[in-house]
Amino acid sequence: VLVVVPESLQHQWLVEMLRRFNRHFSLFDEDRCTEAESENPFDDEQLVLCSLEFLTEHPTRAAQAAAGEWDLLVVDEAHHLQWSAQAPSQEYRVVEALAAATPGVLLLTATPEQLGKESHFARLRLLDPDRFPDYAAFLHEEERYAPVAHAVEALLGAAPLSTETLTELRALAADDELQVLLSDLQRAEPEQAAELRQAVVDALLDRHGTGRVLFRNTRSAVQGFPQRCVQPHPLPCPADYAPAPGAALDEQLHPEIAHAADWTLQDPRVPWLAQQLQALYPAKVLVIAAHRRTVLDLARALQGRYGIHAAVFHEGMSIVERDRAAAWFAEREDGSQALLCSEIGSEGRNFQFAQHLVLFDLPLNPDLLEQRIGRLDRIGQAERIHIHVPYLQGTAQERLFQWYHQGLDALAHTCPAGHGVFERLRDDLLAVLQGQGDEEALLRRTQALHAELNAALEAGRDRLLEYNSCRPKVAEALKQAAEEEDAENRLPAYLESAFDVFGVDFEPHSARSYVLRPGNHMQAPLPGLAEDGMTITYDRQIALANEDRQFLTWEHPLTQGAMEIVLSGELGNTALTAMPCPGIPAGGLLLECVFLLEPASSGQLQSARYLPPTTIRLLIDKAGQAHDELSHEAIAQARRAVNRETAAQVVRGHGEVLRDMLEAAENLARERAPTLRREALERTRHTLLGEIQRLRALQRVNPNVREAEIAFFETQWAALNNALETASLRLDALRVIVTL
């Protein structure tokens, strides 16, 4: 896996991957690559994290990364990838080369159209260049989404389908399968209609829209987000800030950049900020300004004049320095009350523990404004967010605030159509900001266009994406299964037993937390257990709130290491016990065998998905008769320990008989194995052949379904068929039982 992120987010990704998922990524930079012994340093690690800036600044490293034979490429903050047919950016070309050489690609962004619809299309082109070959065709296709979304919405509703909707559905049903579904729906009884409606919805979503490569979960679908409370603070404009004739707009929006270092002495926003911090103490406050110099001057002024020591976060700091500043801000007791960020702090960082955001200035791009607010307004924010906007009266700052607040309503609510409005009204907005246009007319046009674009998104592509990204029935089943798995957590009992067997000291630490240390009688090092011990918990919330505690799951390296020792070692593979067995004379022998049926392991085929290593348990007597009625659990309850010397005598005295019994057990296991193979083949056939048939049918009505997609599943089916047919049987463990 190769994860490519903005430079400022490298360490955050590194820490989050380790803390949340126990994935140990290697951070690659020029020093790491220079020290590598391999010809291609990217061949040295399986999980690699690097910055997009590193790859663009070092073309040789970018070429080596593209040759790294990755299974998955992940690009965070993908809206940075600018593209045009005539001049794609260097960042785009680097990711394009990586995507072309990688079978799995994930592009992550919360503002997919920040750089316009053309760049949004370009990212879809990275995912599937055959599906999205032409920008004009993409725009034409988008025009057809509205009737599909309308039909889907009608089908998902409870009201009977109108004649108009049925006519619309028949027009969209370009193949026989969908026509049959519609006919069945019209004749269906009420108890069958809901299921048929969902089937028609699934078919429509399958045939239309970008949902095969693009998923978007909107806030309205996810829900649970906090409210935003906008608090404007108009302030008098100093005489020295009056714009000179012909002054650039950037200087009007950020007048401090055109003045000497003493601008903090005359700018009313500085004492206002100090008063706000004092009034809000001890509440955490995030302050974002566009420029690094503004941040540094503010920090000096707050400390020198008001005794407020605020953490700073800007692009001139190293990644480690930024991480330390963010960590100091996050500390509840002894941390900084305020964090002063330049624009680099508006992306990627998570500050949802704070509820106060000060926008010391406003960006010109609506999506960048949303990025700023998104540092606090994100999943995990439990309180109302207070957005403080100081601005200088009668200036471009005030006019920009009014455009955002009254025109777009982008401060109090998310604004998915903001960039589209900005692109269409850019010239008028720039004129108004420079004091040359009709502000009232601009606000009216902004409100109207905003409503129009929002309605179009709701009716068209975004609505389809929302339906396709979360199928409620499927999602609810997955959620329920996950909750049941969490409720029946067998991991603590399993690991406590393993710790006891391996000689690991295990003692309570605090509520639902424990301390593990290598014991004096450990037989061998346990992978994942540090030499000086570790503090663990099985509770995710405790782990997230305490960085010093490891969150143990079935996927944690320590759990995996414990299971690997059990599965690969010989200890415990054989045993002898004694127990009373009704119906079997005392002194008799039973042989309990556990066989494993497993296909050749293949990550590419994912054969374990269809036939995971499956146990065949057999319990036979001397005559070769099976005793399936005697369960493993019953034996565990009734068994009696036999000392080592007696066990050895039994095995030596009945060696020939036990070998015959083992041969008989193997023959029985071979007789049962074909049934398991057939069941696995049926599951494979149902999944893969069903997908092949679906794509064949879809290809007749949707030219974007490529033959290569179908060929992939056909190749997968043939290879899996062979792997499952040749699944091997091996003896994994046996136990001799002496009857009493």
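The values are calculated or read from the model by the stated rules, or taken from the named source; none is laboratory data. Not measured: the values here are computed from a predicted model. Methodologically, a virtual Cβ is constructed for each residue, glycine included, from the backbone with ideal geometry; neighbour enumeration extends over all protein chains shown. Just the protein is used for accessible areas: all its heavy atoms, side chains included, with ligands, DNA and RNA removed. Shrake-Rupley method; radii C 1.70, N 1.55, O 1.52, S 1.80 Å.
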Among the aspartates and glutamates, select those whose C-alpha is under 13 Å from the C-alpha of K473, and discard any that sit fewer than 8 residues away in the same chain.
E195, D202
Using only alpha-carbon positions, what ratio does the radius of gyration of the stretch 545-665 give when scaled by 2.2 N^0.38 Å?
1.41
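Multiply the residue gap between A455 and Q606 by 0.36 nm, knock off their C-alpha separation, and tell me the result in nm, one decimal place. Mind showing how you got there, number by number?
Numbers: separation 151, 0.36 × 151 = 54.36 nm, distance 4.30 nm.
Between A455 and Q606, full extension yields 50.1 nm more.
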0 to 90° range, to nearest 10: angle between helix 472-487 axis and the chain longest Cα axis:
60 degrees
Å² of accessible area per residue within the chain, as computed with a 1.4 Å probe and no ligands counted
51 Å²
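Could you tell me which trypsin sites (Lys or Arg not before Pro) in the stretch 269-353 are loop residues by DSSP with no more than 16 other beta carbons within 10 angstrom of their beta carbon?
Taking the stretch 269-353 and a limit of 16 other Cβ atoms within 10 Å, the loop trypsin sites (Lys or Arg not before Pro) found are R332.
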Which value in deg cm²/dmol, rounded to the nearest 500, describes the helix-derived mean residue ellipticity at 222 nm for the chain, given -39,500 (n - 2.57) per DSSP H run of n ≥ 4 and division by the residue count?
-14500 deg cm²/dmol
What FRET efficiency, computed as 1/(1 + (r/R0)^6) with R0 = 25 Å and r the Cβ-Cβ distance, is obtained for E666 and A634, rounded to the nearest 0.05?
0.60
Sequence ranges 67-74, 567-574, ranked by mean other-Cβ count within 10 angstrom, highest first:
67-74, 567-574
Whole percent per 10 Å bin, from 0 to the bin with the longest distance: what is P(r) over all C-alpha pairs of the stretch 460-541?
14, 32, 20, 15, 13, 5, 0
Using alpha carbons only, how many degrees (0 to 90, rounded to 10) separate the axis of helix 690-701 from the longest principal axis of the chain?
40 degrees
To the nearest 0.05, how large is the calculated FRET efficiency for T553 and E7 if R₀ is 25 Å and r is the Cβ-Cβ distance?
0.25
Give me P(r) over the chain, computed from all C-alpha to C-alpha distances, binned every 10 Å, as integer percentages.
2, 10, 16, 21, 19, 14, 9, 5, 2, 1, 0
In whole percent, the fraction of accessible protein surface over the chain that belongs to carbon or sulfur atoms, probe radius 1.4 Å, stands at 51 percent
Once you have the Kirkwood Rh of the stretch 1-136 from its Cα pairs, apply Stokes-Einstein at 37 °C and 0.692 mPa s and quote D in µm²/s.
214 µm²/s
Taking only Cα atoms, what is the 0 to 90° angle, nearest 10, from helix 418-433's long axis to the longest principal axis of the chain?
20 degrees
Where labels lie 7 Å past Cα in the beta-carbon direction, separation of Q278 and V515 in nm:
4.6 nm
Indicate the gyration tensor shape class of the stretch 383-446 (rounded, prolate or oblate), computed on the Cα atoms with a ≥ b ≥ c the square roots of the eigenvalues: a/c under 1.5 is rounded; otherwise a/b larger than b/c is prolate and the rest oblate.
oblate
Excluding residues fewer than 8 places away in the same chain, name every one of the aspartates and glutamates whose C-alpha is closer than 15 Å to that of K622.
E592, E656, D660, E663, E666
Based on the Cβ-Cβ distance of E195 and E153, what FRET efficiency does E = 1/(1 + (r/R0)^6) give at R0 = 30 Å, to the nearest 0.05?
0.95
Putting +1 on Lys and Arg Cβ atoms and -1 on Asp and Glu Cβ atoms, find which of H450, L392, S51 reaches farthest to the positive end of the dipole of the chain.
H450
Each label point is 7 Å from the Cα along the Cα-to-Cβ direction; what then is the distance between the points at E118 and D43, in nm?
4.1 nm
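Once the piece of chain linking A475 and Q699 is laid out straight, how much longer is it, given 0.36 nm per residue of separation minus the C-alpha distance between them?
Details: separation 224, 0.36 × 224 = 80.64 nm, distance 2.73 nm.
Fully extending the segment from A475 to Q699 adds 77.9 nm.
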Distance between modelled label sites at L689 and H309, nm, 7 Å Cα→Cβ extension:
7.3 nm
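Peptides 51-57, 631-637: what's the order by average Cβ count within 10 Å, highest mean first?
Numbers: 51-57: 19.0, 631-637: 11.1.
Put in order of decreasing packing, that is 51-57, 631-637.
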